Amino acid sequence: MKALILVGGFGTRLRPLTLSVPKPLVDFANKPMILHQIEALKAIGVSEVVLAINYQPEVMLNFLKDFEAKLGIKITCSQETEPLGTAGPLALARDKLIDDSGEPFFVLNSDVISEYPLKEMIEFHKSHGGEASIMVTKVDEPSKYGVVVMEESTGQVERFVEKPKLFVGNKINAGIYLLNPSVLDRIELRPTSIEKEVFPKIAAQKQLYGMVLPGFWMDIGQPRDYITGLRLYLDSLRKKSPSKLSTGPHIVGNVLVDETSKIGEGCLIGPDVAIGPGCVVEAGVRLSRCTVMRGVRIKKHACISSSIIGWHSTVGQWARVENMTILGEDVHVCDEIYSNGGVVLPHKEIKSSILKPEIVM
Amino acid sequence: MGSSEERVVAVIMVGGPTKGTRFRPLSLNIPKPLFPLAGQPMVHHPISACKRIPNLAQIYLIGFYEEREFTLYVSSISNELRVPVRYLREDKPHGSAGGLYNFRDLILEDNPAHRRYGGIGTILVIKVSAESANQFGELVADPVTNELLHYTEKPETFVSDRINCGVYIFTPDIFNAIQGVSTQRKDRANLSRMSSFEALQLATRSLPSDFVRLDQDILSPLAGKKQLYTYETMDFWEQIKTPGMSLKCSGLYLAQFRFTSPHVLASGDGTKNASIIGDVFIHPSAKVHPTAKIGPNVSISANARIGPGVRLISCIILDDVEIKENAVVMHAIVGWKSSIGRWSRVQASEAVTVEDEVVVINSIVLPNKTLNISVQEEILL
């Protein structure tokens, strides 16, 4: 089986993290975002992944070379020279996706994190016999999204309603599709939208079926949702493989700590914290609802909550970092500094407090 | 007056509760003069300065706070300094001169004298920036004789960058001057006729005859009459109107201790005692964990408990405060019996409980509050 991951653009919403690496390589729960998807695909027998990408393919491929061998999966890129929307990249990668087997292929949106119930999706696809399957997820505020209206018992999709003002349903497109190769015949090589142009036509012919995604789902394309997504991911990890989570008197709730990181005396870590490899968390530190990326040092008595600490940054003694503070790569917060929602670009030293959310260039 | 020893009586005007409103919420619990600066009640600093006056016979505190509020302090300081200190309560505000005059019999009991310049008094003066001078009493003195030539209280236009510090030395003749003003007032009340001089004083005409202010009513009219002289200080001088100023002044006194009594300042390098940076006062009964880092400009009052990994910078920690582990307190006054939770960060509060991991910034918190959410630039009632 094959799969296409829609990587897309510059990931500006996740800046300053995406100033250092392409968005799919930003770590989420101690692993580059895209690896969550590649591993899930590999696990159900996908042999080749095509990344639809429109910038820096060399960076991606260099990085993923190691994983190709390690996971035993072929990874290639299909580079757009102009943005082709959400459907155009499928036409562009047509030759890579079609082979003699005639098997359906997966299409995944790279911003989305979930439990990836891909095996169930294959079964669902086989059972309904239609041309395409789409994963849908229930949301609280459907008016913000494109709602998928479907027939309850069979899942047959009737129509799509973009940002409905009146309630038509609460299931939205979760950005995970399983498509027969014939779908590619419906897509022209031009900028085009899969949810606005391609799916409505398939739905009209009663060939599109929606499967309600079990478990959590989150688009982690921006910091606030990234932090919420980590909570959901760790909740799910607690159920599926609790042994991966840390335990001990200094741990509260779900905490994921890389084994190469060190945690000092008298710390209190959690809930919903991920600490990447090679980090040093000194004595008396408090961490909650945050991500600490590779090579970070958190000095004594610092307190961090609801924030993302980028690669190789340091947080000084008695510093306080909170309220959606995002530190880019190699940022140094000096001792006793307070950051309330500071968004700090890479390679900066923060010597005075940031009292209100603002961007530090 | 005939005493060869020239005995001196010191009077400290401490005001009263109606005047302390700008010092709220700290003055809700304690008379402002007893609020601790550098670990000592505010009034202790002028008292210990008076103690150095040769032939000091007596120190009076005059104000209209309840007598009982000062009883304990007055008796302990009398014992400590071996100088009789007494609190004299005014029945109502009489103005700074009126208050003095009210207790003239007691003050004169010890036959005090002062004859340096031959006038009736000397005013302590300091040079301030021209922009800030108009918040104070501005005055002009003769550069050679130091005679007070002109005095005007809080003028609208610039008069002088020399201001009245509110510290005076008087001979007993000051009481005659005060009586003069008081009599003039009575006469004015009795007679409808007004002289041109009195017409200028319309604003003060309606004041009661026993309400006499030193600045407007005594210094202004006596300027240029070879009665009053000035002495300019090069030392620090500040007016403590707001809680924020008390932090600065606490720092100034701590810095002074560095020269006058370094033994009262704390020291430590984080091994046996906490790390100390700059000038820090820690009351002997306070407990500070060795892993805490304190200073500069910190004063910690009695029975305070400072936990492991706590960081204190430029703050006043009052009696019975508990600061739990890894909390940070900066540029703040933490009121009596407050409790600051673990990993909290406080930048201004009083008599409150701050729960774990809460931030308080630029805020004034009234007593007996529990904060479980972070606050910024707020007044919490």
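From B:LYS293, B:LYS272, grab the single residue that is of a type outside the set (A, V, I, L, M), buried (at least 22 other Cβ atoms within 10 Å of the Cβ), farther than 22 Å from B:MET42 by Cβ and more than 22 Å from the chain's Cα centre (by Cα).
Being of a type outside the set (A, V, I, L, M), buried (at least 22 other Cβ atoms within 10 Å of the Cβ), farther than 22 Å from B:MET42 by Cβ and more than 22 Å from the chain's Cα centre (by Cα) holds for just one of B:LYS293, B:LYS272, which is B:LYS293.
Okay, residues lined up against (1) in a strand (DSSP E or B); (2) at pLDDT 90 or above; (3) assigned by the TED database to the domain that holds A:ALA52:
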{"site": "A:VAL107", "(1), (2), (3)": "yes, yes, yes"}
{"site": "A:MET135", "(1), (2), (3)": "yes, yes, yes"}
{"site": "A:ASP140", "(1), (2), (3)": "no, no, yes"}
{"site": "A:GLU152", "(1), (2), (3)": "no, no, yes"}
{"site": "A:VAL161", "(1), (2), (3)": "yes, no, yes"}
request  = Filter the range A:1-44 for residues that are in contact with a Phe, Trp or Tyr (Cβ under 7 Å, 6 or more places away or on another chain) and of a type in the set (Lys, Arg) and give the result.
outcome  = A:LYS2
note = How many residues of the range A:274-323 are in a loop (DSSP other than H, G, I, E, B), farther than 16 Å from A:ILE251 by Cβ and within 13 Å of another protein chain (Cβ to nearest Cβ)? The answer is 10
ask   = Can you name every residue in the range A:262-273 that is surrounded by 20 or more Cβ atoms within 10 Å (Cβ to Cβ) and either in a loop (DSSP other than H, G, I, E, B) or within 14 Å of another protein chain (Cβ to nearest Cβ) (or both)?
value = A:CYS267, A:LEU268, A:ILE269, A:GLY270, A:ASP272, A:VAL273
task = Would you please list the contacts, defined by Cβ atoms under 8 Å and residues six or more apart or on different chains, that run from a residue in the range A:51-67 that is under 11 Å from A:PRO24 (Cα atoms) and open to solvent by less than 40 Å² (accessible area, probe 1.4 Å) to a residue that is modelled with pLDDT of 80 or more and of a type in the set (Asp, Glu)?
result = A:ILE53/A:GLU80
inquiry  = Out of B:LEU61, B:LEU81, I need the residue that is in contact with a strand residue (DSSP E or B) (Cβ under 7 Å, 6 or more places away or on another chain) and surrounded by 15 or more Cβ atoms within 10 Å (Cβ to Cβ). Which one?
reply    = B:LEU61
message = Quick check on this structure: which one of B:ASP235, B:ASP217 is acidic (Asp, Glu), surrounded by 15 or more Cβ atoms within 10 Å (Cβ to Cβ) and modelled with pLDDT of 80 or more?
response = B:ASP217
ask   = What are the residues in the range B:308-331 that are more than 10 Å from chain A (Cβ to nearest Cβ) and either open to solvent by 10 Å² or more (accessible area, probe 1.4 Å) or touching a residue at least 60 places away in the same chain (Cβ under 8 Å) (or both), if any?
value = B:SER314, B:CYS315, B:ILE316, B:LEU318, B:ASP319, B:ASP320, B:GLU322, B:LYS324, B:HIS331
task = Report, by residue number, each residue of the range A:234-253 that is touching a Phe, Trp or Tyr at 6+ places or on another chain (Cβ under 9 Å) and open to solvent by less than 40 Å² (accessible area, probe 1.4 Å).
result = A:SER236
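Rundown of residues vs (1) farther than 28 Å from A:ASP330 by Cβ; (2) not in a helix (DSSP H, G or I), yes/no style:
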{"residue": "A:LEU41", "(1), (2)": "yes, no"}
{"residue": "A:LYS70", "(1), (2)": "no, no"}
{"residue": "A:THR86", "(1), (2)": "yes, yes"}
{"residue": "A:ALA91", "(1), (2)": "yes, no"}
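Pick from A:GLY155, A:GLY146, A:GLY169, A:GLY175: which is among the small types (Gly, Ala, Ser) and closer than 15 Å to A:ALA87 by Cα?
A:GLY175
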task = List every residue pair whose Cβ atoms sit under 9 Å apart, with the two residues 6 or more apart in sequence or on different chains, where the first one lies in the range B:71-94 and is closer than 18 Å to B:ILE30 by Cα and part of a helix (DSSP H, G or I) and the second, anywhere, is of a type outside the set (A, V, I, L, M) and open to solvent by 30 Å² or more (accessible area, probe 1.4 Å).
result = B:VAL74/B:ARG86; B:ILE77/B:SER48
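The values are calculated or read from the model by the stated rules, or taken from the named source; none is laboratory data. Computed from a predicted model, the values in this text were never measured in an experiment. Neighbour counts are summed over all protein chains in view; Cβ atoms, including those assigned to glycine, are modelled from backbone coordinates with ideal geometry. We work out accessible area using only protein heavy atoms, side chains counted, and drop any ligands, DNA or RNA first. Shrake-Rupley method; radii C 1.70, N 1.55, O 1.52, S 1.80 Å.
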